[in-house]
Amino acid sequence: MKMKITAVGGYNAVGRNMTGVTVGGETIAVDNGLRLDTLQLYDTESYEMRKFKLDELVRMKIIPDHKMLDNVIAQVVSHGHLDHVGGTMFTKPKVPIITTPYAAEIGRKEYKEGDFYARGYGDPFDVKSRSNQELRVELIEITHSIPHTSIPVLYTPEGIVVYANDFKLDNHSKIAAPDYHRLKQIGKEGVKAFIVESVRAGETGKTPSEMVARANVKDVFESIADSKGLIISTTFSSHIERIQAILDMAEYMGRVPVILGRSLHFQVQLAKRFGLLEIPPHAEIFANAKAVGNALKKIDKGRREDYLLLVTGHQGEQKSVLCRMADSKFPFGFRKKDNIVFCTEVIPNPVNETNRYVLERKLKSFGVRIFRDIHVSGHASKEDHRRLLNLLKPERIIPAHGGIEMRANYANLASEEGYEINKNVHLLDNGSSIEI
Ligand SMILES: [Zn+2]
């Protein structure tokens, strides 16, 4: 009896992650994501894609080719980013979906009838095997750029599989901490296969803590604290720690935070429910276009220095609040003293780069002040990877989440640590598998 690992999605480009781990003829699927940049080609919201057949979504490379996996008895999801959980709304797995509480809520939003099991860290889930195999899933706490990110660990009769996709090692996060102790223990128990993201494996050094982003946010906002103009900021809707830093600055400047946009509305309320975000009591939050329009109308007529807006649109998404503001789709006009603060960087793909270029050109035409790239990554750099690798000391490594260049960067790091490509480091493409 052997273990088979199948690369389903996320092994040729960033996005639509899915890996199969098969033991004794039964498969646990890990992650089930969308590819967001491809989705954007169709200029639509993910739920609007439901009109397409699954085969078409696979052809468009929006979801992983889930049919590659046979006899799936459980679906594990590492965290709530859509490139890890977003596929479940289309493929609708009819098996237990094991994930963290925050990610389970994100999954349930679009796949209401899904059999989500929200597990805390260190609260293992016994997967029901049809052939009485002992299969167990444990979620280990790790830091990333969304609350409740985990490193899933699969305990199987053929050995332990660790899945670190995505993660960073942030020792100063205010909402999470890497569980080095547990990771080291598992390393001592013996890890048969280590599936690991490689998005920034080629970056020298260590990814800075979110503490650095917090300081940068503070630095920029302090510099415009006396501005008579409006402050409009934008960031990832699920980056709750970053959002907290922005809301804290609104408090510091004595401005009313006004949060505008559907995805921000959903994430902010969710994080508040989990006690992960403190929203100032006088904050205003609006989701739908009409309510957003009314709020902007009021702000446009009021004292601009009284408000700090947090809006959707950090990547220049065409249906976002910021893009619609720039297109004068709301009863609102930019003025010269207004400040736009991008608390993100542009995710490097042609769609985002184009969208952001267009958005910034439009914004500049109003004469507003623009601050950009206030950001640190949520993905591990080379030395973070080395640290985790040395804690786990796996027998085999399967670099995931990235094109061949990114995964080769991980393979290079592994070879520095004594591993050999094709012997115990395996560069799989979407659709390929190995038996170990
Ligand atoms: Zn992620």
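The values are calculated or read from the model by the stated rules, or taken from the named source; none is laboratory data. Computed from a predicted model, the values in this text were never measured in an experiment. Backbone-built Cβ (ideal geometry, glycine too); neighbour counts: all protein chains shown.
Here are a few things to note about the model shown:
Rundown of residues vs (1) within 26 Å of ASN412 (Cα to Cα); (2) within 15 Å of the ligand (Cβ to nearest atom); (3) assigned to a loop (DSSP other than H, G, I, E, B); (4) not acidic (Asp, Glu), yes/no style:
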{"position": "SER131", "(1), (2), (3), (4)": "no, no, yes, yes"}
{"position": "ILE142", "(1), (2), (3), (4)": "yes, yes, no, yes"}
{"position": "PRO147", "(1), (2), (3), (4)": "no, yes, yes, yes"}
{"position": "ILE151", "(1), (2), (3), (4)": "yes, yes, no, yes"}
{"position": "TYR163", "(1), (2), (3), (4)": "yes, yes, no, yes"}
{"position": "ALA176", "(1), (2), (3), (4)": "no, yes, yes, yes"}
{"position": "LEU183", "(1), (2), (3), (4)": "yes, no, no, yes"}
{"position": "GLY187", "(1), (2), (3), (4)": "yes, no, no, yes"}
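- Filter result (more than 15 Å from ILE28 (Cα to Cα) and within 8 Å of the ligand (Cβ to nearest atom)) within the range 81-96: HIS81, ASP83
- Flag if ILE299 is buried (at least 19 other Cβ atoms within 10 Å of the Cβ) and either assigned by TED's automatic domain parsing to the domain that holds ALA103 or at negative phi (or both): yes
- ASP123 vs. criteria within 23 Å of LEU264 (Cβ to Cβ) and either more than 16 Å from the ligand (Cβ to nearest atom) or in a loop (DSSP other than H, G, I, E, B) (or both): no
- Residue in the range 328-342 that is farthest from THR234 (Cα to Cα), counting only those that are touching a helix residue (DSSP H, G or I) at 6+ places or on another chain (Cβ under 7 Å) and in a strand (DSSP E or B): ILE340
- Conditions (1) more than 16 Å from the ligand (Cβ to nearest atom); (2) touching a Ser or Thr at 6+ places or on another chain (Cβ under 6 Å); (3) over 15 Å from ILE28 (Cβ atoms); (4) not basic (Lys, Arg); number of the one not met by ALA118: (2)
- Taken over the range 10-46, residues that are more than 22 Å from PHE116 (Cα to Cα), touching a His at 6+ places or on another chain (Cβ under 8 Å) and hydrophobic (A, V, I, L, M, F, W, C) amount to 1.
Every residue, every condition in (1) farther than 26 Å from LEU247 by Cβ; (2) modelled with pLDDT under 95; (3) over 21 Å from the mean Cα position of the chain (by Cα), yes or no:
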position: PHE332; (1), (2), (3): no, no, yes
position: ARG335; (1), (2), (3): no, no, yes
position: ASN339; (1), (2), (3): no, no, yes
position: ARG396; (1), (2), (3): yes, no, yes
position: GLY403; (1), (2), (3): yes, yes, no
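- Close Cβ contacts (under 6 Å, 6 or more residues apart or on different chains) running from residues in the range 71-95 that are of a type in the set (Ser, Thr, Tyr) to residues that are part of a strand (DSSP E or B) comprise SER78/SER150; SER78/PRO152.
- For the range 97-113, a residue qualifies if it is closer than 17 Å to ILE28 by Cα and either surrounded by fewer than 20 Cβ atoms within 10 Å (Cβ to Cβ) or in contact with an Asp or Glu (Cβ under 8 Å, 6 or more places away or on another chain) (or both), and exactly one does: ILE97.
- Considering residues of the range 69-80 that are under 12 Å from ALA29 (Cα atoms) and buried (at least 24 other Cβ atoms within 10 Å of the Cβ) only, the residue nearest to the ligand (Cβ to nearest atom): SER78
- Across the range 203-223, the qualifying residues are those that are over 18 Å from the mean Cα position of the chain (by Cα) and buried (at least 17 other Cβ atoms within 10 Å of the Cβ), and the one among them that is nearest to MET18 (Cα to Cα) is GLU203.
- Taking (1) in contact with a helix residue (DSSP H, G or I) (Cβ under 8 Å, 6 or more places away or on another chain); (2) in a strand (DSSP E or B) in turn, ILE195 satisfies each apart from (1).
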